[in-house]
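The structure appears right after this line, and notes come after that.
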Amino acid sequence: MKLVSSRYPAVMGLALLVALLLYCPASSMTVVNLLLINVFVESPHTHAPVQGLIYSDFQVFDNGTLLEPIVFVSAATDTSRSVEIWFLARCPQQERSRNGSVFTNEDGRAFKQALAYLGSDSSVGVAHWCANGDFGADLLPTQDRDAPFVALEAISHKDPVELSGTSGKRALQNALDLVIEKSEGENHPLPVIVLLTDGSLDISKDDAELMAKRLLYRGVILYDVENRHEVLKGGHRKEESASLHSMSRQTGGRAYLIGDEDYLHVVNDIIDGLRFRYTLGLEPSNPDGQWHTLRVILTRAALAKHKTVRVNYPAGYLASWSFGTTPPYSKENHRRATDSNLDNVLAQVLDSPTVIHDILFDVKSHGFVGSERLVEFSLRLRSDQLTWANLANGGRQSGITTVVASYSEEGRRLGHTVIQFDVMRDEAHLPITGDGPFSTSETVELSEHTSRVRVAVRDDATGKIGCQDFSLKEILSAPRSPMVLK
């Protein structure tokens with residue numbers, strides 16, 4: 001049996017689109033990495049979403065290799081299409097501010113009216129960035145539909161700052177990273193950023209390409225909304241606007257010009273597209289550690305029915321990690337050991353009443369619906385807690401041993417599971433992934449009559465060990481994941 005997991009956040013979109021846990025004993029679990037991509041099909045003339053498509057209407061190519069969807073979700077099969085929309089606005093600039101306001105009164109009324117059409121489970125946040133390098137989150141995601149407009153108005157009334165291409169570009173990237181950080185977490189809705197600009201950002205094609213890949217890696221969809229009043233007034237260069245347009249297209253979004261259409265139509269278009277999106281789950285063709293290009297088209301039969309359509313989709317993903325890890329890391333030579341393979345040092349650590357903290361790490365645990373013994377442990381530790389060896393390809397490697405041990409109420413060790421693996425750190429793609437902590441997840445079947453659990457982590461190069469203890473009651477009190485018997 002296969003454990004299907006959405007471990008490709010670059011274009012995942014829905015963090016909990018499918019929690020298909022196909023139960024079987026932990027020792028016989030195998031894993032399929034599930035690549036989830038959100039696809040938007042619309043009329044190129046009216047931007048109205050094309051509805052009623054089925055999985056066989058789509059063809060997805062991964063580096064030119066045709067992949068068959070193994071998961072398909074549309075508005076027809078899932079009506080709870082919640083999203084988290086962030087409006088990311090640029091601060092007023094000297095010689096470009098329009099009476100200190102991004103919106104006219106008509107714009108503001110239209111904007112609030114459009115937000116009223118969002119589903120009740122969706123939330124809206126507001127952030128800003130400025131040409132002088134300033135950036136920040138002004139409103140954390142909320143279901144209050146009036147608060148976003150108030151926050152945007154406050155940004156538009158900031159004191160104008162001087163134009164600066166370098167600091168402005170850096171502030172935009174920092175603001176994007178901040179929004180992504182605020183959007184990350186378990187079971188989060190689809191993260192969407194609506195970039196409100198005047199089209200004057202001086203950004204090169206290469207910089208825009210890197211920004212787009214960082215957004216794709218995090219599963220973010222970007223929409224670029226430019227104010228045509230400011231575009232005409234500022235006379236920005238076409239290539240600058242084209243860079244932002246390219247960023248939005250590569251993430252599966254698109255660009256709008258205010259002036260041709262007002263805020264009501266633009267935000268309504270975005271919300272409609274998000275509501276009627278299609279989500280495809282695919283098994284990646286080759287996790288070779290490289291950036292893969294995606295291409296999504298409709299079949300000839302589907303095109304014969306719908307004539308002219310435009311398909312917006314994520315342009316690619318980084319295929320450089322294995323199940324249960326977060327880039328820039330991957331796991332190799334993963335293996336479980338039996339009781340006889342437990343060395344004396346680890347045995348002493350497990351049986352000692354003292355908890356060792358030579359290695360610091362975070363670990364979360366939860367059970368599964370219908371089981372009192374199956375538990376998933378999610379481990380996170382910083383790279384400076386491990387010892388790294390340099391590899392010929394420019395990457396780095398570290399060896400880790402993790403032990404999950406079960407104890408009775410009296411403190412007697414009932415059993416344990418040893419997981420050993422090598423961690424590979426991808427240095428080449430750090431500009432895309434960033435340097436976050438290493439994380440991994442393991443599902444373990446605990447022994448009968450377990451009352452307490454100890455998780456131990458060892459750096460194999462130095463022998464340093466860290467431990468944490470949990471009560472089974474504490475573990476099972478956390479929200480459980482769904483489990484489906486097949």
What is the Å³ per residue value for the convex hull set by the Cα atoms of the range 329-477?
118
So, with points 7 Å from each Cα along the Cβ direction, the Glu409-Asp144 label distance in nm works out to 4.9
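Going through the cross-link list Lys205/Lys305; Lys169/Lys364; Lys213/Lys331; Lys331/Lys464, which pairs have a Cα-Cα distance over 28 Å in this structure?
In this structure, Lys205/Lys305; Lys169/Lys364 lie more than 28 Å apart at Cα.
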Show me 214-226, 142-154 ranked by packing, highest mean number of other Cβ atoms within 10 Å first.
214-226, 142-154
Arrange the following residues from fewest to most other Cβ atoms within 10 Å of their Cβ: Lys169, Lys364, Lys182, Lys307.
Lys307, Lys364, Lys182, Lys169
Integer Hz, Karplus 6.51/-1.76/1.60 couplings in order for the range 206-221, x for Gly and Pro
5, 5, 5, 5, 5, 4, 5, 5, 5, 5, 4, 4, 8, x, 8, 9
Taking the alpha-carbon distance from Lys307 and a cut-off under 14 Å, which aspartates and glutamates remain once sequence neighbours fewer than 8 residues away in the same chain are dropped?
Glu42, Asp57
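Taken together, the values in this text are just the output of simple stated rules run on the coordinates, not laboratory data. Please read these numbers as outputs of a predicted model, since none were measured by experiment. Backbone-built Cβ (ideal geometry, glycine too); neighbour counts: all protein chains shown.
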